[in-house]
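Take a look at the structure below.
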Amino acid sequence: MKALTEGRFLGCEDGAAIFDVGYGARLFVRILEHDIGRVTLRRREGFRLDRTWSIAPGGLEPDYAGRMRADVNGFARPPVAVREANGMIVIGAESLEAHVRLDPFQIAWKRKDDDFFFLRDRDTQAYFLSLKGEAFSHYTARHAHDRHYGLGDKAGPLDRTGRRFRLDATDPCGFDAELSDPLYKVIPFVIVDGRHGAYGIFYDNLACGEIDLGCTIDNYHGPFRYYRGEDGDLDFYVLSGPAVPDVVRRFSWLTGGQALAPRWSLGFACTSMAIADASDADARVSGFIADCRRYQIPCDSFHFGSGYTSIGNRRYVFNWNYDKFPDPGATMRRLRDAGMMPVTNIKPCLLDDHPRLAEARAARLLVNDGTSGKPAMTQFWDGLGAHIDFTNPQGRRWWREGLEAALLDKGVAAVWNDNNEYEIWDEDAVCDGDGRPFAQSLARPSQALLMTKLAYETTAARSRGKRPYTVTRGGPAGIARYGQTWSGDNYTAWKTLKFNLTQGLNMSLSGLFNTGHDVGGFLGPTPDPELLCRFVEFCSLWPRFVMNSWKEDGIVTLPWMHPQVLDHVREVMRLRYRLMPYLYALMWRASAVGEPPLRPLFYDFPGDGAASIEDAFMFGPDILVAPVLEEGQRERSVRLPEHPGGWFSWHDGTHFAGGACAIVEAPLGRLPLFVRAGAMIPVGEQYEGLLRAADTRRDVLVFAYPSARSVAWIYEDDGETPAWREGDNFAARLTLDKNGAISAELISGRFRPAYDRISIRGQAGIRSPLTLKQSAIGPIRLHLAGDLS
């Protein structure tokens, strides 16, 4: 590749400072928001791919054809001032500046009020462009104190420093949560947190590549990191922070935010390939419903593995096996009557003997080999297959009709988009591109995003104004606009607990706020009683709480599979449902303001030494979760972050000083939780499933402490429709002052909850006087009910 070491300033156009960097390439520097900058490199021939699907500022949704790369709609685009100073071209707007040195060419970024650059290119040869191929690379300076987070669902420790990752997507079933790479998603987004605060870099390119966060050391350069694309365009966004929460919120805003799923999707759910694979699958579903009642396990949705589509041992999307399911509609009604919403797995590949392959091929609905014009065949489950092209309007129409006729018309509530990594390795494969074809290697992950967008919109249109619940395993940044994802087909092992934790937190920092893990592990050995119980504990407070498995011995992982721990499993599930009002408010905040429900400790406690630990996490701003991650442990120790007033044990109210090492008992069935002093936690009494009983009681537990202050949210809506966006909800902010007085502010009160009173209660064992400054929040009465002792 050629190093682009000299620049020539060409002037400004439409808010962009333009530089000639040699070899016919031009580089554009923009400031799009007070805290977002952008750098775009355009070759002599133009963009390799002139569109994007990830960028959706403030929810400005791109259509299926994508958003033009040159489009700057949706951004504030503050007035830009350009000046020359000290041999540099300085581009400034509001609180952000880019300083461009022409020789050797380098860009450095600073916040206007700072006297330092928070991000700068490497001093030596920062930009490279291939003239013989399509590759390019970008190098930035790295500091010894920098820590790196993000990149979506990558494996390994929380801090990515010193690692190199492949930017690609495969189906790594049973992956090693510490070492495997690549996994399912392609999200070239990195948060850098260091001595001068935090910032983010997002490379908006969906071609394969790699990102190196200090793995490579070269004596001829100072410490650096780099991004390398094998194809596509160098087009990156700089998010100036200055704190990690600022970066996370702005990245979520930049990529369209997080969809608020229906409330029922937050309940426990279960699935197994073995159930739908069985010859008596319909009877097994009925047996599952009966067992949930027998064992008193709440279950709000049942997820069908792809076995319902089988012919023989192979799977065919939109085909129903009527030997296994004689009347699919009746099966769906049976589940709904039991309070379990039915969700079905779908896969975007048609096997080479699919009953409708000839039809799809004749209509040219598939990703094609651009040389032969035939479908680009690739290895898939059970054999070779061809993938539906979601950049083709006819392909989308065909798929929508399949969703409606095969699934939604039969009573399916939601679809689970699976195996959508689009492992098409044919170098000549071409996507329709809505009439403007492009090489599929430029944007494989866009297919998963468009597949999920189509499922979201089709379900919304057919469900009479209900909020869709849509799940996808693969995709790029932007998939959160449509729903939920998860860490994929994990392996049943103790090690998985540890590294699913850090994997999930980095997904959350990458804008994937509605996420979780396969409870009990998907592949591998059957979990023994202890591991099953600890898996349930570990997964119980993640937004996605789905028990999903496939085991070679045919044993299905189920909550009651080990009678000796069933009571413990029930107790953990009761904890989740007890905390559902708190979780639901967090999910609303995730969608409304881009705040992740689960996050690392440093998100809320920057600069605290305890905040760097990787075996605990924050559940919202007030609850620290310290799951048991090692076999045989019956107590848990954790160093708590500094906090005025310290922390309380959720279970018994034991007080711990901030910054202290807390040691608590952790028998099976008890998830160690610590609550900030002063926190107010809304809880409910709805334990039998979210669809089965009216949510008629609301308590707020106050973990009071002298001089402690806090804020809490009470949030309710109908749990089903998008009317919450228009203010049809109940939202109130509670404030606890240093004297123990609680006041409330009604933010929105158009929706009436099923309860008409909120009881304020001191947590058992915590003695601190509480008073109410008012007796009601709009139509809801406040009641000081004492403690729980």
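What the table below lists for this structure:
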quantity: Calculated FRET efficiency for the pair THR124/ASP728, C-beta based, R₀ 56 Å, to 0.05; calculated: 0.45
quantity: Dipole of the chain, positive direction: furthest Cα of GLY307, ILE346, MET587, with charges on the beta-carbon; calculated: MET587
quantity: Dipole in debye (nearest 20) - the stretch 87-207, about Cα centre, beta carbon charges: Lys, Arg +1; Asp, Glu -1; calculated: 240 debye
quantity: Residue-normalised accessible area of the stretch 400-451, expressed per residue, 1.4 Å probe, Å²; calculated: 30 Å²
quantity: Relative contact order, percent, the chain [alpha-carbon distance under 8 Å, six or more residues apart]; calculated: 10 percent
quantity: Rg [Å, one decimal], Dmax [Å, integer] - the stretch 446-570, C-alpha atoms; calculated: 16.0, 46
quantity: Whole-number D in µm²/s for the stretch 1-135 (Stokes-Einstein; Kirkwood sum over Cα pairs; 25 °C, 0.890 mPa s); calculated: 155 µm²/s
quantity: Cα-based radius of gyration of the stretch 129-288 once divided by 2.2 N^0.38 Å, which approximates compact folds; calculated: 1.32
quantity: Derived scalar couplings ³J(HN,Hα) [the stretch 657-670; Karplus, 6.51 cos²θ - 1.76 cosθ + 1.60; whole Hz; x for Gly, Pro]; calculated: 6, x, x, 8, 8, 9, 10, 10, 5, 9, x, 4, x, 10
quantity: Where Rh is the Kirkwood radius over Cα pairs, Rg/Rh for the stretch 567-681; calculated: 0.95
quantity: Amide H within-cut-off set for ASN514, under 5 Å, with H built and near neighbours excluded; calculated: THR485
quantity: Dimensionless Rg/Rh of the stretch 251-345 - Kirkwood Rh, Rg from C-alpha atoms; calculated: 1.06
quantity: Unit charges on C-beta of K, R, D, E only; dipole of the stretch 316-419, Debye; calculated: 240 debye
quantity: Equivalent-ellipsoid semi-axes of the stretch 322-432, from the Cα gyration tensor, Å, largest first; calculated: 30, 13, 13
quantity: Span from the the stretch 398-470 Cα centroid across to the the stretch 1-63 one, whole angstrom; calculated: 30 Å
quantity: Furthest towards positive pole of dipole, LEU668, SER637, MET680, structure part the stretch 578-717, Cβ charges; calculated: MET680
quantity: Helix-only [θ]222 nm of the chain, DSSP H runs n ≥ 4, -39500 (n - 2.57) each, per residue, nearest 500; calculated: -5000 deg cm²/dmol
quantity: Per DSSP, loop trypsin sites (Lys or Arg not before Pro) in the stretch 101-160 with at most 10 further Cβ within 10 Å; calculated: LYS132
quantity: Alpha-carbon Rg/Rh ratio, for the stretch 9-65, with Rh computed the Kirkwood way; calculated: 1.02
quantity: Accessible area per residue in Å² at 1.4 Å probe, computed on the stretch 25-128; calculated: 42 Å²
quantity: Percent antiparallel among DSSP beta bridges (both partners in the stretch 668-789, rounded to 5); calculated: 60 percent
quantity: Charge-dipole axis of the chain as Lys and Arg at +1 and Asp and Glu at -1 on Cβ define it, positive-most pick from TRP724, SER265, PHE105; calculated: TRP724
quantity: In Å², nearest 10: area of LYS410 left accessible to a 1.4 Å probe; calculated: 50 Å²
quantity: Neighbour-limited loop hits for trypsin sites (Lys or Arg not before Pro), the stretch 584-655 (at most 11 other Cβ within 10 Å; DSSP other than H, G, I, E, B); calculated: ARG634
quantity: Per residue convex hull volume, Cα atoms of the stretch 50-130, in Å³; calculated: 139 Å³
quantity: The stretch 702-746 - convex hull of the alpha-carbon atoms, volume per residue in Å³; calculated: 65 Å³
quantity: Test item: Cα-centred dipole of the chain, Lys/Arg +1 and Asp/Glu -1 on Cβ, debye; calculated: 1520 debye
quantity: Those chymotrypsin sites (Phe, Trp or Tyr not before Pro) in the stretch 281-370 that DSSP places in a loop and that have at most 12 other beta carbons within 10 Å; calculated: TYR322
quantity: Antiparallel content of DSSP bridges confined to the chain, in %, to 5; calculated: 75 percent
quantity: Spatial extent of the stretch 386-441: Rg and Dmax, with the Cα atoms as the point set, Å; calculated: 13.5, 40
quantity: Semi-axis lengths (Å, descending) of the ellipsoid that matches the C-alpha gyration tensor of the stretch 533-589; calculated: 25, 14, 7
quantity: Mean-position separation - Cα centroids, the stretch 587-603 and the stretch 651-674, in angstrom; calculated: 23 Å
quantity: Scattering profile of the chain at q = 0.07, 0.10 Å⁻¹ [log10 I(q)/I(0), Debye over alpha-carbon scatterers]; calculated: -0.51, -1.06
quantity: Space enclosed by the convex hull of the alpha-carbon atoms of the stretch 630-716, per residue, Å³; calculated: 125 Å³
quantity: Approximate shape of the stretch 375-520 as ellipsoid semi-axes (Cα gyration tensor, √5λ), whole Å, largest first; calculated: 26, 21, 15
quantity: Å² per residue, accessible surface of the stretch 657-763 at 1.4 Å; calculated: 39 Å²
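The values are calculated or read from the model by the stated rules, or taken from the named source; none is laboratory data. All values derive from a computational prediction rather than experimental measurement. Please note: Cβ atoms are built from the backbone with ideal geometry, for glycine as well, and neighbour counts cover all protein chains shown. These area figures cover heavy atoms from the full protein model, side chains too; ligands, DNA and RNA do not enter into them. Shrake-Rupley method; radii C 1.70, N 1.55, O 1.52, S 1.80 Å.
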